[in-house]
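K.L.:
I have a structure I would like to understand better, so I am pasting it below and will then ask my questions one at a time.
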Amino acid sequence: MPGHQAFLLLFSISSYFFFINIQSRHHSRTEQKEFHIVSHISVPPSSAPEAAAASPRYNAKSPDNPSSVFNVLDFGAVGDGVTDDTQAFKLAWDMACQNESAVLLVPDGHSFMLQSTIFTGPCKNADFVFQIDGTIMPPDGPDFWPRNNSKRQWLVFYRINGMTMQGSGLIDGRGEKWWNLPCKPHKGINGTTRPGPCDSPVAIRFFMSSNLTVQGLKIKNSPQFNFRFDACHDVRVESLTIKAPAQSPNTDGIHIENTNNVQIYNSIISNGDDCISIGAGCYDVDIINITCGPSHGISIGSLGIHNSRACVSNISVSDSVIQHSDNGVRIKTWQGGSGCVSKVKFHNIRVDAVRNPIIIDQYYCLTKNCSNQTSAIVINDISYSNIKGTYDVRSPAMRFACSDSIPCTNLTLTEVVLLPARGQIEANPFCWNAYGTFLTQTIPPVYCLMKEIPQLITHNYVDSC
C-alpha cells in the first residue's frame, strides 16, 4: 500500500476512536464547552408561552444515563456571575426533563447569570428536583436586559406536573435599577408617577403547572413580584425567606391567581408590597405561620379591576405575625367589579405597630380619581378571631368600607383586641354598609357594625359566583 494511503487510513481510524472517546466522556466540562447546541424545548418567555418540540439527544448526558444528577457546570455553565449561563441551564433542563429520575443541580460556590428564560414541561417524571444551592441572578437592570426578551418575567416554569424547587442557595433579583425607573410610584411627587417604560420582571413564575413544592430558598431584591403562580393547582410553599426594602414597589412576596389547593407555610417575608396576595379565581388556600413585615400585609385582591369578575373562596390565614406594615389582613376590591369573596377565616394573628390591622376596602383606587360605580364584588362570610396586638393610630384599628350598593355581610369578630402602639385611641372603627356580629366584646368596640341584613340582599348572593 502506498505510504500516503496508509497515512490517510491511519488518520481516519485515529479520528474515529477520538470521536468515540469524546462521546463517552459526558462528565468532562472542558469538552462540553466546545459544543454549541441550541435547546428546542426552552424558548424565551412570552405573554402566552407555548410548548415547543423535544430537544434532540446530544453529547453531554443521555436520557438513558443511570445518573440522575444534572449539574449545570457539566453543561458549560461558568458560574462567575458575569458570563451568560442561560444556554447551559436550558441544556441541563432539557436532559433532566427527559430523564425518569432527575435532579437539576445549581451547585454552591458559584453565581450564575441567566437571561429571561422559560423552562417547559411536561417532564417524564413527577419527582423532578430543581436544586438551587448556589446563587442565580438576572442581568443587572433594564439597560442590560436584551431588547427582544420580555421585561415582564425572568424565569418561567410552564406546564410542569410535579417539581420541587429547593436548596440552600440564593435567588438575587438585582431589582434596584428597576425600582428606580421614573414610572414607579415612589419616584414622583406625593406618590405620583412619571412617564417612561415601566415593565419590570416577576422573578419566578409558575404558569399552568401542578403538584409543585417550593421550599427552603432565599430570595432578595426582586424587580417585581418574587413568586407568582398563575393557573396552577396543588402548590406547597414552605420555609422561604423573602426580602426587599420597604420602599421597593410592587415586590409582592407570593402572588397567586386562578390557583387552587395552595399551602403557604412557615415563611419570613419583608418587602415593599403585600407579603402574600390572593388574586381572582383562587380557592382552597391555607396560610399558616407567616412572619410578615415591613410590608403591605396579607391581602385578598385587588379584585374587580376594569369591571372584571372575580371569585375567591375558602381562604384561611392563621398563626401568623404582621409587623410594622401599612395593613394587616386586607380585602381590597375596585368599584365596578362582579363576583364574590366568601368563606374567609383570619385566625390567631398578632399585629405589631400595624396601620389598618383589619381592613375591607371596596373603594380601592391607585390614582385617587376613580369614578363611583354601582356594581361591586360581594363580600360575605368573613371571620376574624383572636386578632391581637398594636396598631398605628394614623388609621382606625378596623375599617369596613363596603360598597354603597352591595353591603358586606356575615362579618364575624371574636377575641379582637387592638391597642394603640403609641398614645391613646384616636379613632373609632369605621363601618360603611357593613353587616355582622361580634361574639365577644372587641377592643376598641365596633358598634358601627349593623346586625340585620336586608332580605333582598341575601337572595342576591345565590348566583354571585
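The values are calculated or read from the model by the stated rules, or taken from the named source; none is laboratory data. Since this is a predicted model, take the numbers as computed values, not measurements. Virtual Cβ from ideal backbone geometry, glycine too; neighbours counted across all protein chains shown. Side chains included, ligands, DNA and RNA excluded: accessible areas come from the protein's heavy atoms. Shrake-Rupley method; radii C 1.70, N 1.55, O 1.52, S 1.80 Å.
K.L.:
Taking 7 Å along the Cα-to-C-beta vector as the label spot, tell me the S464-C365 distance in nanometres, rounded to one decimal.
P.N.:
2.2
K.L.:
Moving on. Return one whole number: the accessible area per residue of region 330-451 in Å², for a 1.4 Å probe.
P.N.:
Ligands and nucleic acids excluded, the figure is 45 Å² per residue.
K.L.:
Report P(r) for region 219-259: all Cα-Cα distances, bin width 10 Å, range 0 to the bin holding the largest distance, values in whole percent.
P.N.:
That works out to 28, 50, 22, 1, in percent per bin.
K.L.:
Long-range amide H contacts for F119: which residues qualify at under 5 Å (H placed 1.01 Å from N, peptide plane, sequence gap of 5 or more or a different chain)?
P.N.:
Those qualifying (amide H under 5 Å, at least 5 residues apart or on another chain) are V156, F157, Y158.
K.L.:
Using 23 Å as the Cα-Cα cut-off, could you pick out the over-long pairs in K151/K220; K343/K368; K184/K220; K218/K343; K343/K388?
P.N.:
Table pairs above 23 Å Cα-Cα are K343/K368; K218/K343.
K.L.:
Subtract the Cα-Cα distance of D84 and D286 from 0.36 nm times their separation in residues, and report this length gain in nm to one decimal.
P.N.:
The span from D84 to D286 would gain 68.9 nm if fully extended.
K.L.:
Now, a different point. Can you tally the net charge around I136? Count Lys and Arg as +1, Asp and Glu as -1, for every other residue whose Cβ sits under 14 Å from the Cβ of I136.
P.N.:
Charge balance in the 14 Å sphere: -3.
K.L.:
Ordered by residue, what ³J(HN,Hα) values in Hz, to whole numbers, does region 143-156 give under the Karplus form 6.51 cos²θ - 1.76 cosθ + 1.60, where θ = phi - 60° and Gly and Pro are x?
P.N.:
5, 9, 8, x, 4, 8, 8, 4, 9, 9, 7, 9, 10, 10
K.L.:
Under 5 Å between amide hydrogens, which residues at least 5 positions from T437 or on another chain qualify, with H placed 1.01 Å from N in the peptide plane?
P.N.:
L411, T412, L413
K.L.:
Just to verify a number: what accessible area does L181 come out at with the full protein assembly present, 1.4 Å probe, Å² rounded to tens?
P.N.:
Surface open to solvent at L181 totals about 20 Å².
K.L.:
A further question on this structure: Collect residues whose amide H, placed 1.01 Å from N in the peptide plane, falls under 5 Å from the amide H of N161; neighbours closer than 5 in sequence don't count.
P.N.:
C123, S210
K.L.:
Over what distance in Å are the Cα centres of region 220-293 and region 303-328 separated?
P.N.:
Value for the Cα centre distance between the two parts: 11 Å.
K.L.:
Could you check how much of the accessible area of region 85-184 is carbon and sulfur, as a whole percent, using a 1.4 Å probe?
P.N.:
Here carbon and sulfur together make up 43 percent of the probe-accessible area.
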